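Everything below concerns the one structure shown next.
Nothing in this text is a laboratory measurement; each read-out follows from the coordinates by a stated rule. Just so you know, these numbers come straight off a predicted model, no measurement behind them. In this analysis, Cβ positions are derived from the backbone assuming ideal geometry, glycine residues included, and neighbour counts consider all displayed protein chains.
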Amino acid sequence: MNQVLEEISKIGIVPVIAINDVKDALPLARALMEGGINCAEVTFRTACAKEAIQIMADAFPQMLVGAGTVLTTEQVDQAVESGAKFIVSPGLNPKIVKYCVDRNIPITPGCSNPSDVEQAIELGLSVVKFFPAEASGGLEMIKAMSAPYGNMKFMPTGGIHAKNLISYLDFKKIIACGGSWMVKPELVEAGEFDKIATLTREAVQGMLGFELKHIGINQNSEEEADQAADTFENLFGFAKKTGASSIFAGTGIELMKAPYLGNHGHIAIGTNYIERAVYHMEKQGARFQKDTAKYNAKGDLVAIYLEGEVGGFAVHLLQK
């Protein structure tokens with residue numbers, strides 16, 4: 001997969017925006033960045049799209065600004081000259097796709113049926129846009145259609161919102177979802193960029209789904225851990241379960257048989273998508289202890305500790 005598309009996969013959400021007044025480009029880009037999404041697809045349906053892309057790309061070089069609704073090769077050139085890092089089209093036009101592929105420009109054309117997907121494969125693509133997603137059968141259509149195409153990934157757009165986002169992203173062949181619920185045109189036109197930043201932040205937090213899974217308490221010995229677990233079981237009915245390095249009391253308390261990371265112990269925070277969580281948290285300045293990473297049999301990351309402590313506790317992410 002192209003490097004730009006790999007990063008979009010880590011971001012998870014691609015805001016699809018239409019800018020009618022060029023003055024809105026900078027505050028809108030800033031709102032998205034403040035909300036935690038360093039990505040935007042600016043549609044070429046408006047007269048100022050080219051200028052808006054340039055303003056956003058110049059102001060935030062770390063932002064993946066792309067051009068959407070691209071219908072001609074001339075628009076491809078205009079978008080790239082303005083700083084667009086990827087191209088999105090509503091349908092699959094072989095001429096435009098080949099033009100981009102020959103120039104190493106990432107493009108995700110719209111596909112809604114197997115014939116489109118096979119054309120995309122023939123043109124050398126491994127990721128396509130599924131559009132219009134909900135109107136074309138939604139997630140069930142993607143699942144059914146993707147079955148014969150093992151290496152093809154999808155980026156559905158159209159009808160995606162906060163309530164159905166997770167169901168889409170849970171399907172492994174979907175790299176990200178495009179949506180406009182956090183950047184509604186009426187919010188942009190009204191200049192409600194603080195509201196856009198809030199909705200963007202809520203979209204990211206909703207996607208990552210952070211929740212407390214358990215608290216690990218350091219004990220000096222297995223005997224201490226066992227006694228503490230017995231106490232929790234006797235007082236509160238938290239069933240004791242003994243493991244190799246710790247003893248659980250219910251599912252929320254872990255008693256370590258010997259001191260581990262953290263002065264007092266550790267706090268485990270569950271997340272829907274641990275790789276995406278690491279990406280987004282690192283963008284906010286968090287750092288992770290790479291040597292603490294744990295993987296499952298498939299090679300997927302399932303747990304990793306942050307650097308430092310919070311209130312005397314080490315903190316680690318845990319894949320739900």
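Per-structure values
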item	result
Residue among 129, 290, 143 with the largest mean-square fluctuation in a Gaussian network model of the chain, springs linking Cα atoms under 10 Å	290
FRET efficiency, 1/(1 + (r/R0)^6) with R0 35 Å, evaluated for residue 144 and residue 320 via beta carbons	0.85
Under-5 Å amide H pairs with residue 318, H placed in peptide plane, nonlocal only	269, 270, 271
Within segment 86-197: Cβ-based charge dipole about Cα centre, in debye rounded to nearest 20 (Lys, Arg +1; Asp, Glu -1)	280
Part-to-part distance (alpha-carbon centres) for segment 80-127 and segment 255-283, which is given in Å	39
Charge dipole (debye, nearest 20) of the chain; +1 at Cβ of Lys and Arg, -1 at Cβ of Asp and Glu	520
Stretchable slack from residue 239 to residue 20, in nm (0.36 nm times residue separation minus alpha-carbon distance)	72.9 nm
Signed unit charges on C-beta, dipole axis of the chain, positive-most listed residue 29, 64, 278	64
Inter-probe distance in nm under a simple model that places probes 7 Å from Cα toward Cβ, at residue 302 and residue 121	3.2
Under 23 Å from residue 195, Cα to Cα: lysines that are on another chain or at least 8 residues apart	23, 163, 184, 283
Label corresponding to percent of Cα pairs over 27 Å apart when calculated from the structure given, among [x] 43; [y] 50; [z] 63	[y]
